[in-house]
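Asker: Before I ask anything, here is the structure I am working with.
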Amino acid sequence: MFKRVSIMKLLLLFLLCVSILKVQSQPDYDPEDVDTPMGEEASVDVRGHRPLDKSRELRPTLRPAPPPISGGGYRPRPTKPPTSGKQKGPIVYPDAGGCKHAADELGVLCPTGCELQMTLVKQEKSVKSTVHDLSDKVHILSKNSGSFQVYVTTIEENLVKRKKQRGDNQNVVSEYNTEIEQQYHFIKESMDNNIPSAIRVLRSVVDNLHKKIQKLEAAIASQMDNCRSPCTVSCNIPVVSGKECEDIFRKGGETSEMYLIQPDTFSKPYKVYCDMSTEKGGWTLIQNRQDGSVGFGRTWDSYKRGFGNVAKGREKKYCNTPGEYWLGNDKISQLTNIGPTEVLIEMEDWDNNKVSAQYGGFTIRNEAHKYQLSLSNYKGTAGNALMEGASQLHGENRTMTIHNSMYFSTFDRDNDGWIHADPRKQCSKEDGGGWWYNRCHAANPNGRYYWGGQYSWDMAKHGTDDGVVWMNWKGSWYSLKKMSMKIRPFFPQ
C-alpha cells in the first residue's frame, strides 16, 4: 500500500513538472516577424496598430526625426581564455546569496530552494509587521502579567494580615466575653444575695422615718391648736410709759424690763425692752442676739415691721429679760429722727469676754431713702468697724467693708455696694441676714448664729463668713455669743 502511494506521488509530481514546462514554452505575445502563408487569412489581428479606414481617414505621414546617436559605444568584449585541456568540473548552484538557474544542458528543474526562498522573502514583508505587533502585544501582556502578579501578591499579603487581625479580634472578643460573663455572674449573685438584704434595711429605715413623720405631724397639729388662740403676754407691763426709754427713765421707770412707748401721738404705742442700768440707763433695745432662738434671714417687710420676742418674764410676772428680736426699721427711723441719737453696740464672746462700740451720732432715714445709715463720733473697745471697715484689710479692700452711709439690704431687696451681673451674688443672700451691707461687711450682727464661736467656710451655706461677726475684734470666722444694739437721745453728760 505504501509503495502505491509513493508511485502516485511521483506520477503527480511528473505531471506537475510537464504542465509547468508547457506554460513556460508558450510566449505571452504574438511575434511580429511571422508571415502568414499566402492564401490564408490571419486568424488574429496584428497588435500595435488599428486598421485604416480609407473612406474617412487620411494616410499617415512620416514625421521628421533626428539621426541616431553615433560615436563610441561599449568597449570590445574581452577574449575568453582557451578551454582546451581543462576538465569540466561539477556545477554548484548555491541557494544562498540569490537564485541561479541551471545550465541549458541540464534542462529545466522543478522549483528549487532558491525559488522557495524568494517566495518566503516576499511573504516575510507581510509577516514581519504581524510578528512585530504580536511581539509588542506579548511585551504588554508580560508587563500586565507582572502588575497582576504584584497585585495578587499584595492581595495575598493583605489576606494574611486580615487573617491575623481577625484572629486577634476574636481573642479580644473572647476576653471581653469572659469578663462580661464574670460581671454578669457577679451582678446576678449580688442581686440574689445582697439586694434583698439591702431592701429589708431600706424598708426598716423607711418605716422609722414614717414613724418620725407621724410624730412630727402630731406635734404640728398640737402646735396649730395652740396657735389658733391669740398670743397673750403672761407678764405685767409697767404703768409708766413715754416717747422712748430715756423719757421713761426720767419719769421714774428705773427697772430694766419691757415697756410701752409712743414716740408720736399719731402712732400706736408698741412694746420695747428698756435697759435702765447700762451706762446710766435710758437705752431702747433695737436689736438683740443671745441664743439663736430667732432666725434673722428675713424679708424686707419683716425687717420693716420688726420680728422676734421683745422680752420674757422670770419673776414677779414682769418681762425683765430681753429676748432675740429686731425692733423694726420704721420704728428705728422714727426714734432716731426725733432728735440727736447715740447707739451702743455691746458684744460678748464664748469665753464671756465683753467689748463695746459707741457712736455719738446715729440716724436711720425712712423707707423712701432705703433706711440709709449715718454714724459719727466713735468710741469704744471693739474697733470702729462701721465707719473705718475691717482692720485686717487695707486700701480698696478695706473701703469695701465700710458700713456708714450704706442702704439697708435683705435677700429680696438688694441695695448693697456689690454690683454684679449675676443676681444671685448678693451680700444679704450670702451673709445670712438683713444689714447695711457694702461689699460686703466688717460687722454682721444679724448673721447666722453658730454655737461655740469658731466656724469654717465648709460649715457656711455659701462658703462665706456669715456668722454674728465683728471683724475688728474676733475676725471673720468667729461667731459671737451675744450682741445687742441700744439707742437713746444724745445729751451732754
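The values are calculated or read from the model by the stated rules, or taken from the named source; none is laboratory data. Please read these numbers as outputs of a predicted model, since none were measured by experiment. Here the Cβ positions follow ideal geometry from the backbone for every residue, glycine too, while neighbour counts run over all protein chains shown. In case anyone asks, the SASA skips ligands and DNA or RNA and just uses the protein heavy atoms, side chains included. Shrake-Rupley method; radii C 1.70, N 1.55, O 1.52, S 1.80 Å.
Asker: Take the residue pairs K370/K474; K425/K481; K304/K354; K379/K486 and return only those whose Cα atoms are more than 18 Å apart.
Answerer: Numbers: K370/K474 30 Å; K425/K481 28 Å; K304/K354 30 Å; K379/K486 15 Å.
The answer is K370/K474; K425/K481; K304/K354.
Asker: Sticking with this one: To the nearest 0.05, what FRET efficiency results for Y184 and E396 with a Förster distance of 60 Å applied to their C-beta separation?
Answerer: Working: r = 64 Å, r/R0 = 1.06.
FRET efficiency, Y184 to E396: 0.40.
Asker: Quick one: net charge of F266's neighbours, Cβ under 15 Å, K/R +1, D/E -1? Mind dumping the intermediate values first?
Answerer: Working: positive: K243, K268, K331; negative: D264, D330.
Result for the local shell: +1.
Asker: Taking 0.36 nm per residue of sequence separation and subtracting the Cα-Cα distance, how much length would be gained by fully extending the chain between T381 and Q262, in nm to one decimal?
Answerer: Values: separation 119, 0.36 × 119 = 42.84 nm, distance 3.31 nm.
Taking T381 through Q262 to full extension adds about 39.5 nm, to one decimal.
Asker: Probe radius 1.4 Å, ligands and nucleic acids ignored: give me the carbon and sulfur share of the accessible area of the range 245-489 as a rounded percent.
Answerer: Details: 5140 of 10930 Å².
Percent of accessible area from carbon and sulfur atoms in the range 245-489: 47.
Asker: Let me ask you something else. What is the range 396-493 by shape, rounded, prolate or oblate, if you read a ≥ b ≥ c off the alpha carbon gyration tensor as root eigenvalues and call it rounded for a/c under 1.5, prolate for a/b larger than b/c, and oblate otherwise?
Answerer: Details: a/c = 1.81, a/b = 1.15, b/c = 1.57.
It comes out oblate by the Cα gyration axes.
Asker: How much net charge surrounds Q182 when only the other residues with a Cβ under 15 Å from the Cβ of Q182 are counted, with Lys and Arg +1 and Asp and Glu -1? Can you show the working numbers first?
Answerer: Values: positive: K188; negative: E175, E179, E181, E189.
Neighbourhood net charge equals -3.
Asker: Separate question: Given the peptides 298-311, 456-469, 387-400, arrange them by the average over their residues of other C-beta atoms within 10 Å, most packed first. The partial results should precede the final answer.
Answerer: On the way: 298-311: 19.1, 456-469: 17.2, 387-400: 14.7.
Final packing ranking: 298-311, 456-469, 387-400.
Asker: For the range 245-489, what is the accessible area per residue in Å² when the probe is 1.4 Å?
Answerer: On the way: 10930 Å² over 245 residues.
Ligands and nucleic acids excluded, the figure is 45 Å² per residue.
Asker: Please give me the summed charge of the neighbours of V173: other residues whose Cβ is under 13 Å from its Cβ, Lys and Arg +1, Asp and Glu -1.
Answerer: Numbers: positive: R166; negative: D168, E175, E179, E181.
That sum, taken over residues with Cβ under 13 Å, equals -3.
Asker: Same structure, new question: Find how much the distance from M118 to V201 grows on full extension, using 0.36 nm per residue of separation minus their present alpha carbon separation; answer in nm with one decimal. Walk me through the intermediate numbers first.
Answerer: Values: separation 83, 0.36 × 83 = 29.88 nm, distance 11.82 nm.
Extra length available between M118 and V201 comes to 18.1 nm.
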